[in-house]
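A short write-up of the structure that comes next.
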Amino acid sequence: MKNPETLRDTAIRPQGSWLGGVNERFHEQLEALAKEKRQEIASGKIPLVIRMDDRLVLRAGSKDCVTEITAEAYHQLKALAHLPVALFLQLKTDNDPATVFREYLAPLNELVGQTRELHIAADVVRRAADELLTAVENNHKQVDESAASAFNEALTPAFQMLVAAAASSEAAELLAAVQRYRDQVADADRWSRTYYVVCAGMQPRYKQLSRQLFERWVSWETNGDKVARHRVVYAEGVDSVDDAAERVVTRLVSGDVAATFLHSPLSLDEDVLGDAATQALDTLFDHLDRKGQAGAGDC
(Lines give C-alpha, C1' and ligand atoms only; values in the text may rest on other atoms or scores of the structure.)
Protein backbone atom coordinates (compact mmCIF):
# COMPACT_ATOMS: atom_id res chain seq x y z
CA MET A 1 0.00 0.00 0.00
CA LYS A 2 1.28 3.50 -0.84
CA ASN A 3 2.24 5.95 1.89
CA PRO A 4 -1.03 7.44 3.25
CA GLU A 5 0.52 10.69 4.53
CA THR A 6 -1.21 12.89 1.93
CA LEU A 7 -4.68 12.95 0.39
CA ARG A 8 -4.95 11.44 -3.05
CA ASP A 9 -7.05 12.66 -5.94
CA THR A 10 -10.21 10.62 -6.39
CA ALA A 11 -11.53 12.64 -9.33
CA ILE A 12 -10.50 10.01 -11.90
CA ARG A 13 -11.72 6.99 -9.97
CA PRO A 14 -12.83 4.31 -10.59
CA GLN A 15 -9.57 3.74 -12.46
CA GLY A 16 -9.44 1.30 -15.32
CA SER A 17 -13.08 1.94 -16.20
CA TRP A 18 -14.89 4.27 -18.57
CA LEU A 19 -16.68 5.56 -15.47
CA GLY A 20 -13.35 7.02 -14.37
CA GLY A 21 -13.31 9.08 -17.55
CA VAL A 22 -16.87 10.21 -16.93
CA ASN A 23 -15.90 11.31 -13.43
CA GLU A 24 -12.85 13.17 -14.73
CA ARG A 25 -14.86 15.05 -17.36
CA PHE A 26 -17.50 15.83 -14.74
CA HIS A 27 -14.88 17.55 -12.59
CA GLU A 28 -13.54 19.43 -15.61
CA GLN A 29 -17.01 20.81 -16.32
CA LEU A 30 -17.46 21.76 -12.67
CA GLU A 31 -14.19 23.69 -12.85
CA ALA A 32 -15.43 25.54 -15.95
CA LEU A 33 -18.57 26.53 -14.04
CA ALA A 34 -16.44 27.54 -11.05
CA LYS A 35 -14.44 29.84 -13.31
CA GLU A 36 -17.66 31.65 -14.27
CA LYS A 37 -18.56 32.07 -10.60
CA ARG A 38 -15.11 33.46 -9.78
CA GLN A 39 -15.64 36.09 -12.47
CA GLU A 40 -19.04 37.04 -11.04
CA ILE A 41 -17.42 37.58 -7.64
CA ALA A 42 -14.47 39.48 -9.11
CA SER A 43 -16.81 41.81 -11.01
CA GLY A 44 -18.85 42.53 -7.89
CA LYS A 45 -21.99 40.91 -9.24
CA ILE A 46 -21.98 38.68 -6.17
CA PRO A 47 -20.79 40.64 -3.11
CA LEU A 48 -19.05 38.88 -0.22
CA VAL A 49 -19.03 39.84 3.44
CA ILE A 50 -16.16 38.04 5.17
CA ARG A 51 -15.40 37.88 8.88
CA MET A 52 -11.67 37.51 9.33
CA ASP A 53 -9.89 37.91 12.70
CA ASP A 54 -11.04 41.24 14.12
CA ARG A 55 -11.94 42.57 10.69
CA LEU A 56 -15.02 42.48 8.50
CA VAL A 57 -14.32 42.64 4.78
CA LEU A 58 -16.65 43.62 1.96
CA ARG A 59 -15.57 42.34 -1.45
CA ALA A 60 -17.89 43.88 -4.01
CA GLY A 61 -15.68 44.63 -6.98
CA SER A 62 -12.04 45.47 -7.51
CA LYS A 63 -11.40 46.99 -4.08
CA ASP A 64 -12.04 45.42 -0.68
CA CYS A 65 -13.52 47.49 2.12
CA VAL A 66 -12.20 46.60 5.60
CA THR A 67 -13.80 47.44 8.95
CA GLU A 68 -12.16 46.87 12.33
CA ILE A 69 -14.82 45.11 14.37
CA THR A 70 -13.37 44.40 17.78
CA ALA A 71 -12.72 47.63 19.66
CA GLU A 72 -10.16 48.15 22.40
CA ALA A 73 -12.83 47.76 25.07
CA TYR A 74 -13.47 44.23 23.85
CA HIS A 75 -9.78 43.33 24.14
CA GLN A 76 -9.76 44.73 27.66
CA LEU A 77 -12.75 42.60 28.56
CA LYS A 78 -11.13 39.53 27.02
CA ALA A 79 -7.81 40.13 28.79
CA LEU A 80 -9.57 40.55 32.12
CA ALA A 81 -11.42 37.29 31.51
CA HIS A 82 -8.04 35.62 30.92
CA LEU A 83 -6.55 37.12 34.06
CA PRO A 84 -7.88 34.56 36.59
CA VAL A 85 -6.44 31.61 34.67
CA ALA A 86 -3.16 33.45 34.14
CA LEU A 87 -3.01 34.24 37.84
CA PHE A 88 -3.65 30.64 38.83
CA LEU A 89 -1.05 29.27 36.40
CA GLN A 90 1.48 31.83 37.58
CA LEU A 91 0.96 30.71 41.18
CA LYS A 92 1.59 27.13 40.10
CA THR A 93 5.05 28.04 38.81
CA ASP A 94 5.95 31.05 40.97
CA ASN A 95 4.24 30.84 44.33
CA ASP A 96 5.51 34.14 45.68
CA PRO A 97 2.24 36.01 46.30
CA ALA A 98 3.96 39.39 46.45
CA THR A 99 5.42 38.96 42.96
CA VAL A 100 2.12 37.71 41.56
CA PHE A 101 0.27 40.64 43.08
CA ARG A 102 2.59 43.15 41.44
CA GLU A 103 2.37 41.49 38.04
CA TYR A 104 -1.30 40.63 37.87
CA LEU A 105 -3.39 42.45 40.43
CA ALA A 106 -1.96 45.96 40.72
CA PRO A 107 -2.81 46.80 37.05
CA LEU A 108 -6.49 46.17 37.82
CA ASN A 109 -6.62 49.62 39.39
CA GLU A 110 -6.05 51.13 35.95
CA LEU A 111 -9.16 49.43 34.57
CA VAL A 112 -11.61 50.23 37.32
CA GLY A 113 -14.03 52.93 36.25
CA GLN A 114 -13.45 52.72 32.48
CA THR A 115 -16.71 50.86 31.95
CA ARG A 116 -19.39 49.52 34.26
CA GLU A 117 -18.57 45.93 33.28
CA LEU A 118 -14.84 46.40 33.84
CA HIS A 119 -15.43 48.11 37.17
CA ILE A 120 -17.64 45.33 38.54
CA ALA A 121 -15.65 42.45 37.06
CA ALA A 122 -12.31 43.86 38.18
CA ASP A 123 -13.64 44.26 41.69
CA VAL A 124 -14.86 40.64 41.75
CA VAL A 125 -11.54 39.38 40.39
CA ARG A 126 -9.57 41.40 42.92
CA ARG A 127 -11.52 40.07 45.90
CA ALA A 128 -11.30 36.48 44.68
CA ALA A 129 -7.60 36.82 43.93
CA ASP A 130 -6.91 38.27 47.37
CA GLU A 131 -8.65 35.27 48.92
CA LEU A 132 -6.61 32.91 46.75
CA LEU A 133 -3.33 34.59 47.68
CA THR A 134 -4.24 34.41 51.37
CA ALA A 135 -5.03 30.71 50.99
CA VAL A 136 -1.67 30.18 49.29
CA GLU A 137 0.15 31.97 52.11
CA ASN A 138 -1.70 29.92 54.72
CA ASN A 139 -0.84 26.70 52.90
CA HIS A 140 2.92 27.26 52.88
CA LYS A 141 2.75 28.91 49.47
CA GLN A 142 1.17 25.85 47.81
CA VAL A 143 -1.92 26.02 45.60
CA ASP A 144 -4.28 23.22 46.57
CA GLU A 145 -7.41 22.05 44.74
CA SER A 146 -9.85 23.49 47.26
CA ALA A 147 -8.35 26.98 46.94
CA ALA A 148 -8.40 26.74 43.14
CA SER A 149 -12.02 25.53 43.17
CA ALA A 150 -13.11 28.34 45.46
CA PHE A 151 -11.27 30.83 43.25
CA ASN A 152 -13.05 29.59 40.14
CA GLU A 153 -16.47 29.60 41.84
CA ALA A 154 -15.99 33.14 43.12
CA LEU A 155 -15.18 34.33 39.60
CA THR A 156 -18.22 32.81 37.87
CA PRO A 157 -20.31 36.04 38.06
CA ALA A 158 -17.42 38.04 36.61
CA PHE A 159 -17.00 35.56 33.75
CA GLN A 160 -20.70 35.68 32.91
CA MET A 161 -20.76 39.47 32.95
CA LEU A 162 -17.67 39.77 30.76
CA VAL A 163 -18.92 37.23 28.23
CA ALA A 164 -22.30 38.97 27.95
CA ALA A 165 -20.72 42.41 27.60
CA ALA A 166 -18.19 41.22 25.01
CA ALA A 167 -20.87 39.42 22.96
CA SER A 168 -23.19 42.45 23.01
CA SER A 169 -20.38 44.77 21.96
CA GLU A 170 -19.21 42.55 19.11
CA ALA A 171 -22.72 41.83 17.83
CA ALA A 172 -23.61 45.53 17.75
CA GLU A 173 -20.43 46.40 15.83
CA LEU A 174 -20.94 43.55 13.37
CA LEU A 175 -24.53 44.46 12.62
CA ALA A 176 -23.69 48.14 12.17
CA ALA A 177 -20.88 47.24 9.74
CA VAL A 178 -23.11 44.90 7.71
CA GLN A 179 -25.73 47.64 7.44
CA ARG A 180 -23.07 50.11 6.22
CA TYR A 181 -21.95 47.58 3.62
CA ARG A 182 -25.53 47.15 2.44
CA ASP A 183 -25.85 50.92 1.99
CA GLN A 184 -22.48 51.03 0.25
CA VAL A 185 -23.51 48.37 -2.29
CA ALA A 186 -26.72 50.41 -2.75
CA ASP A 187 -28.19 48.15 -5.45
CA ALA A 188 -30.82 46.08 -3.62
CA ASP A 189 -30.86 43.34 -6.25
CA ARG A 190 -27.07 42.94 -6.13
CA TRP A 191 -27.07 43.00 -2.32
CA SER A 192 -29.65 40.19 -2.29
CA ARG A 193 -26.98 37.94 -3.86
CA THR A 194 -24.49 38.56 -1.05
CA TYR A 195 -22.75 35.59 0.55
CA TYR A 196 -21.27 35.68 4.02
CA VAL A 197 -18.14 33.80 5.09
CA VAL A 198 -16.84 33.20 8.60
CA CYS A 199 -13.12 32.40 8.56
CA ALA A 200 -12.70 30.16 11.57
CA GLY A 201 -10.17 27.98 13.30
CA MET A 202 -10.37 24.24 13.81
CA GLN A 203 -12.79 24.57 16.71
CA PRO A 204 -16.56 24.30 16.27
CA ARG A 205 -17.17 27.11 18.78
CA TYR A 206 -14.84 29.59 17.10
CA LYS A 207 -16.47 32.71 15.62
CA GLN A 208 -19.94 31.30 16.28
CA LEU A 209 -21.29 34.75 17.09
CA SER A 210 -20.46 35.96 13.57
CA ARG A 211 -22.07 32.94 11.97
CA GLN A 212 -25.22 33.27 14.03
CA LEU A 213 -25.49 36.99 13.37
CA PHE A 214 -25.07 36.51 9.61
CA GLU A 215 -27.72 33.79 9.57
CA ARG A 216 -30.12 35.91 11.60
CA TRP A 217 -29.49 38.88 9.28
CA VAL A 218 -30.11 36.93 6.07
CA SER A 219 -33.15 35.24 7.59
CA TRP A 220 -34.48 38.65 8.63
CA GLU A 221 -33.92 40.06 5.14
CA THR A 222 -35.37 37.09 3.26
CA ASN A 223 -37.78 35.50 5.75
CA GLY A 224 -36.07 32.18 5.07
CA ASP A 225 -33.90 30.10 7.37
CA LYS A 226 -32.83 27.74 4.57
CA VAL A 227 -31.68 30.66 2.45
CA ALA A 228 -29.69 31.93 5.42
CA ARG A 229 -27.93 28.60 5.90
CA HIS A 230 -27.12 28.49 2.18
CA ARG A 231 -25.66 32.00 1.98
CA VAL A 232 -23.61 31.80 5.17
CA VAL A 233 -20.44 29.73 4.81
CA TYR A 234 -18.58 28.58 7.92
CA ALA A 235 -15.04 28.12 6.62
CA GLU A 236 -12.75 26.27 9.01
CA GLY A 237 -9.05 26.68 8.33
CA VAL A 238 -9.52 29.59 5.90
CA ASP A 239 -7.26 32.55 6.62
CA SER A 240 -7.45 34.78 3.53
CA VAL A 241 -10.10 36.66 1.58
CA ASP A 242 -9.23 34.79 -1.63
CA ASP A 243 -9.65 31.41 0.04
CA ALA A 244 -12.94 32.59 1.53
CA ALA A 245 -14.11 33.59 -1.94
CA GLU A 246 -13.20 30.12 -3.20
CA ARG A 247 -15.46 28.55 -0.57
CA VAL A 248 -18.30 30.67 -1.91
CA VAL A 249 -17.48 29.54 -5.46
CA THR A 250 -17.97 25.96 -4.33
CA ARG A 251 -21.31 26.86 -2.73
CA LEU A 252 -22.44 28.67 -5.89
CA VAL A 253 -21.52 25.77 -8.17
CA SER A 254 -23.38 23.35 -5.92
CA GLY A 255 -26.38 25.67 -5.97
CA ASP A 256 -26.50 25.78 -9.77
CA VAL A 257 -26.28 22.01 -10.08
CA ALA A 258 -28.92 21.51 -7.40
CA ALA A 259 -31.28 24.01 -9.03
CA THR A 260 -31.16 22.06 -12.29
CA PHE A 261 -31.35 18.50 -11.04
CA LEU A 262 -32.97 18.80 -7.63
CA HIS A 263 -35.23 21.80 -8.33
CA SER A 264 -33.73 23.95 -5.59
CA PRO A 265 -30.31 25.62 -5.19
CA LEU A 266 -30.50 24.65 -1.50
CA SER A 267 -30.84 20.90 -2.07
CA LEU A 268 -27.13 20.09 -2.07
CA ASP A 269 -26.77 21.83 1.28
CA GLU A 270 -28.32 18.66 2.67
CA ASP A 271 -25.95 15.78 3.27
CA VAL A 272 -27.41 12.97 1.15
CA LEU A 273 -24.55 10.60 1.97
CA GLY A 274 -24.86 11.57 5.61
CA ASP A 275 -28.54 10.65 5.62
CA ALA A 276 -27.75 7.32 3.98
CA ALA A 277 -24.91 6.82 6.44
CA THR A 278 -27.34 7.05 9.35
CA GLN A 279 -29.27 4.08 8.02
CA ALA A 280 -26.08 2.17 7.21
CA LEU A 281 -24.70 2.75 10.70
CA ASP A 282 -27.98 1.68 12.29
CA THR A 283 -27.73 -1.62 10.42
CA LEU A 284 -24.03 -2.03 11.19
CA PHE A 285 -24.38 -1.42 14.91
CA ASP A 286 -27.46 -3.62 15.16
CA HIS A 287 -25.17 -6.52 14.21
CA LEU A 288 -22.21 -5.42 16.35
CA ASP A 289 -21.52 -7.79 19.22
CA ARG A 290 -20.74 -6.57 22.71
CA LYS A 291 -17.00 -7.01 22.10
CA GLY A 292 -17.19 -4.31 19.45
CA GLN A 293 -16.35 -6.64 16.57
CA ALA A 294 -18.07 -6.62 13.22
CA GLY A 295 -15.42 -8.63 11.45
CA ALA A 296 -11.64 -8.55 11.72
CA GLY A 297 -8.92 -8.15 9.14
CA ASP A 298 -5.29 -7.19 8.70
CA CYS A 299 -4.24 -3.65 7.86
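A quick yes/no check of all residues on (1) at pLDDT 75 or above; (2) of a type in the set (S, T, N, Q); (3) exposed (fewer than 13 other Cβ atoms within 10 Å of the Cβ); (4) under 30 Å from GLU170 (Cβ atoms):
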site	(1), (2), (3), (4)
LYS2	no, no, yes, no
THR10	no, yes, yes, no
GLY21	yes, no, yes, no
ALA32	yes, no, yes, no
ILE50	yes, no, no, yes
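Restricting attention to the range 257-286, the residues being of a type in the set (Ser, Thr, Tyr) and modelled with pLDDT under 80 number 2.
Is the range 171-181 home to any residue that is surrounded by 13 or more Cβ atoms within 10 Å (Cβ to Cβ), under 30 Å from PHE214 (Cα atoms), modelled with pLDDT of 70 or more and more than 24 Å from the chain's Cα centre (by Cα)? No: the range 171-181 contains no residue that is surrounded by 13 or more Cβ atoms within 10 Å (Cβ to Cβ), under 30 Å from PHE214 (Cα atoms), modelled with pLDDT of 70 or more and more than 24 Å from the chain's Cα centre (by Cα).
So that you can scan it fast, the table gives a plain yes or no per residue for (1) in contact with a Pro (Cβ under 6 Å, 6 or more places away or on another chain); (2) assigned to a helix (DSSP H, G or I); (3) more than 30 Å from ASP130 (Cβ to Cβ):
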{"site": "THR156", "(1), (2), (3)": "no, yes, no"}
{"site": "LEU162", "(1), (2), (3)": "no, yes, no"}
{"site": "VAL178", "(1), (2), (3)": "no, yes, yes"}
{"site": "ARG193", "(1), (2), (3)": "no, no, yes"}
{"site": "VAL198", "(1), (2), (3)": "no, no, yes"}
{"site": "TYR234", "(1), (2), (3)": "no, no, yes"}
{"site": "VAL248", "(1), (2), (3)": "no, yes, yes"}
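The values are calculated or read from the model by the stated rules, or taken from the named source; none is laboratory data. All of these numbers come straight from a predicted model, not from anything done at the bench. Neighbour counts run over all protein chains shown; Cβ positions are idealised from the backbone, glycine included.
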